[in-house]
Structure formats: structure tokens, C-alpha cells
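Read-outs throughout are calculated quantities, based only on the coordinates presented, and are distinct from any laboratory measurement. Note that this is a predicted model, so its numbers are computed, not measured. Here Cβ is always computed from backbone atoms with ideal geometry, including for glycine, and neighbour counts include all displayed protein chains.
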Amino acid sequence: MKVVTITDQEFRKMIAAASNRLNNNAEFINSLNVFPVPDGDTGTNMSLSFASGAKYVEESTSSEIGELSSALAKGLLMGARGNSGVILSQVFRGFSKSTAKKQTLSAQDLADGISNGVETAYKAVMKPTEGTILTVARKAAEAARERVKNSDDCVEVMSDAYEAAKTALAQTPELLPVLKEVGVVDSGGQGLTFVYEAFFDALSGNKRIEEDQKHQPSVQEMDEMVNAEHHKSVQSKLNTADIHYGYCTEIMVRLGAGRLVDSKFDYDTFREHLAEIGDSLLVIADDEVVKVHVHTENPGSVLAYGQKFGSLVKVKVDNMRLQHETILEKDEEAEQQTQSQPVAAPEELPSVDTGDYGIISISSGAGLAKMFKSLGVTEILDGGQTMNPSTEDIIAAIKKTDRPKVLVLPNNKNIFMAAQQAAEVSDVEVGVIKTRSISQGMTAMLAFDPNAELADNVEMMTEDLDTVASGEVTQAIRDTAIDGQEIKKNDYMGIVDGAIKVTDQDLYQATVNTVTEMLADDSEIVTLIVGEDGNETEAQQVKEAVLAEDDELEVEIHQGDQPLYPYLISVE
């Protein structure tokens, strides 16, 4: 099949196919995460980022490629999550600039667009690293430019780009030693290769097995599905008394973890049980997590049932009758604005005077929210590990502060680029403090001065970040070998400033060893933040063990309620 001209119809097919391909393979891409931690999310981030772009294309009525590629770039920009999602958005931002005034695309236009995407992506990354998605994008572009010298067939150009991407992907372990050590290819590069594979298939008419399968939404799509369901209910004009099940209940369960587990998860059995106690049921599951949305009269029974299979990572219960009465008093626009706002801290604390500043902290866990609020943070954006917020989420949080100057604490290096994109397109002055951990976020807040200029605050709040050692204890999700250590599935790992330093089958011992690893001669304060899978008693035992090593240390314990990480640790 030869395609000399790509019209809007072919372009729409390419985008839809790529979005579907990323969604179908999100968990596989996640599994390529170098660290065996339960929050490898490159596939999730790329899938949701591209899905946002595809939605913008789908909603566009234009028949011109230039306008459709612009819609794709805008959707990707707003939906970009994690560094991989942001880089993907930059690839298609460059593509959009190259094709801005095109009604259709020739083979030359296609090659130019792919090439310009690479240039834009490289410029967006401060220190480009080879052996990543950037290498895959560059090699694909080189192949496209070479093919178009002697072919006017878009299918041939896209075929060569895809094959070059595959070859470059296979070579990424040779360029990044850590990939070779763990035995994986670069996850971001794999995601882009799936995109180009889908483009080629859509243009050539090639049919792969997965395209015949019924689309099954991923766990991560659940929030969007739930939001759509609620949007429909908001529009309905039923009476409050007609609501049969009054509580909208959402839970996320980490399968196999928790002290109350007594049953093996079976999707059909699990879903059938919940269907008997409610309606509007959505149950999405993978090997690690099950996410539930259900309307019921007894939310406690849903929570208790979930705990039979694992630990509750996230819980949300809304009184729909009360909500409906409130909704009837508001217009649709106000309701939509309310739904788009970031999650607030669960408990209001005495406000700290931050002057003209709004301060946004990205974290997950009610306890962490309270701690940040007490330090002066004005908005908590729910996210971090496992759920990197999108550029649009951060923009919404910036707007919600309603302040002329805003500081953003990502508390995770995988959120830096999305935060920076949000800062660049915001109408107010925004500074991003590049905090890599919760500990660094709290250290940064201690240096905040409400009377200082924004640039000065960014400098002061960044200055002491490296004086704090940050540690986290979590559980391995697979066997692997990395940093010279053999790690078995379900081992507890102590990660110190981004490197795995400790492994142990026992959580208590792993935590003690991690703290010990972090101590230096001049260490004075150790802070333990207890997560959902940790407990106060065990934390006290860790404290006693640490003090036995050095009784001059000050050891503090705080309840953070963060998921997936039983203990977060800082040493200063």
C-alpha cells in the first residue's frame, strides 16, 4: 500500500492507533523501570499524556493537518505527566511547528516533522542523555530523512523510521550501562517505538493481533472514566430522593499487601460481590493494583472487602445526596471548575502568612499534607510516586492559589519537567524549586521568605537541599540485580538519594539499616515519616535502635500516610 499524501483521515487514524498502542502496552513499558519499585510509571505517563493529545485531535473539527497537529501538541502539553510524557510532548510540539501551515502531508513533510520534533525535544532537556528516548527519536528521524531522498511514499518513510527506532531501542543498553546491568531497554524509548509502530500500521493498513482485542481500560484511566461518569450525573435533573445508592466510593488496593489479607484476588469474584452491594460499578485491575468506583449505601463494607485482598492505597467517599443538593444550586461552569481543582488537605490548619505567594507542594498522604500546610504550603496537589500530575493539573493548582507569585515543590525529579512547562505557560510569576524528595520539600520550606523576590526565594530554597540525605523504604516487585546487589521480589529496599543501598526480607531491619547507611559524623537530626504500610510501634523500635548507635542524635517520628513507602527518612 502506497500513501503519497496524508490527509486528515490518515492522520486521525495514526493518532488514535498510537494512543491505543500505548495504552495496551503501558504495563509492559512500566515493567522496564530500572528499579524494581512499585511505582514504575513511564508507560502510564506516556499513555495518559498521548491520550490527552488524542482527545484534542478527536474534538477538533478541522480537516487541515496543521490545525490537527497543533491540537495534538496542545493536548500533549496539557496532559504531559512525568519526564517521559513531557519529552513526548516536545517531540510533537516540534512536529506541530514544522507542519503548522500544511493542509496535508507529503513524505517530505512527514520526515521534516519527525526531524523537527527531535530538535525540539533535545532543546527541552537540559542535559540530554544518549541511550534514552532522545536517541530513539534521533535515529528514527535520520532514517526518515534518508528514505525521503529517494521515495515519495509516506509508508516507506514511516517504515524506515519505525525500524530505525527499533534498532536504536535494542542498542540503548550499550549506551546506558545501568540498562545493561538490569537487562532492560530504555522505557521511554520503548514508548516512542510503540508510537512509530502504530503510525506505520495505520498508514500501511497492517493489522496486529492486539488491534482485534477489545479495549480494556488500564488502572490509570480509571480517574478519567469516573470523572466522565460524574459529569453525566451532574447534568441529570433527577431529584435527590431518587438517588438509590447515596455514597460514591472509590478505593485503590495494592494486592497482596496488608495485615488483613486473607483471600487471593479473582477479578470476576471480586466484581460480582461489589455488584451485589451497589451500582455504577467500575473495577479495573492489573497484577499489582485494583481500583474500584461504586455507588453504595455502605461504603465501609467496600473498604473492608478490599482489605481482604490487600492494603488500601487510596480511599475516597462522597455523599452524593448532599453533593446533588449543592450541585443544583450551582451552574455547570462552576461545577466543572470545582471538579478540576487539586485535592486539598483533609484537615484545615492555622494559616501561615505567605504574603503575595502561593506555594504548591506535590505529595500523597493526609499526614504529609498536614506537615506541609504547617510549614506554609497553601495548596496540596495530590500526586508524586505512582501518579505524577499532568501539566494541566499543576496549572490548575497555580490558578487556584490566586496569588501573583507562586512556588512549586515537585518533591520528585520525574515531575520537574511538567512543573516547568506549567510555569512557562502560566499567567503569573512561577518558580519551580527542584526538590527531589519529600524531605527536600520540607527543607526548602524552612528557607522561604514571604518578603523576598521570587528569584531570591528560588535560590534560597534550593541552596540547602543537598545538605539533607533522603531515604525511602519500599518493597521490590520483581527479582533483579542492580548496583551490585541481588534483589528478590518482596525484599525491602532502602533507597538513599536515588541509589539502592540496603536490601532485607524484614521491614524493620531494612529501615534500621537504611538510617545507619545515611548517618554521617556530623548528623544531628533523623526524621522518620510513617506511611500506610508502616506503623508507630515499629517506628519507635527503629528510633531506639538508631539511638543505641548514637544517643546524641535527635530522632523525630511523624505520620505521613504515604502509599507504597512504609517509611520516608531524612537525615540532616
Gap separating the Cα centres of segment 516-556 and segment 358-392, nearest whole Å: 24
Per-residue Cβ neighbour rank within 10 angstrom, fewest leading, Leu375, Leu22: Leu375, Leu22
Per principal axis, descending, Cα span of segment 8-212 in whole Å: 46, 38, 36
Karplus-derived 3J(HN,Hα), 6.51/-1.76/1.60, for each residue of segment 163-169, Hz, glycine and proline x: 5, 5, 4, 4, 5, 5, 4
Karplus-derived HN-Hα couplings along segment 189-203 (A = 6.51, B = -1.76, C = 1.60, θ = phi - 60°), whole Hz, x at Gly and Pro: x, 4, x, 5, 4, 4, 4, 5, 4, 5, 4, 4, 4, 5, 6
Amide proton proximity set for Asp491, modelled H, under 5 Å, gap of 5+: Ala476
Built amide H within the under 5 Å cut-off of Val555, gap 5+: Val526
Debye intensity ratio I(q)/I(0), log10, segment 469-571, q values 0.21 Å⁻¹ (C-alpha model): -1.04
Val148 long-range amide H proximity, modeled H, under 5 Å: none
Residue exposure sequence - Glu554, Glu67 - by fewest surrounding Cβ within 10 Å: Glu554, Glu67
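Just rank Ser570, Ser89, Ser426, fewest to most, by other beta-carbon atoms within 10 angstrom. Intermediate results must be reported in sequence, preceding the final value.
Numbers: Ser570 22, Ser89 32, Ser426 15.
In increasing order of surrounding Cβ atoms, one gets Ser426, Ser570, Ser89.
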Hz values of 3J(HN,Hα) by residue in segment 98-109 - Karplus curve (6.51, -1.76, 1.60), Gly and Pro given as x: 5, 10, 3, 10, 8, 7, 9, 10, 8, 4, 5, 4
Estimated D of segment 357-467 in µm² per second, where Rh is the Kirkwood radius over Cα pairs and Stokes-Einstein applies at 25 °C, 0.890 mPa s: 183
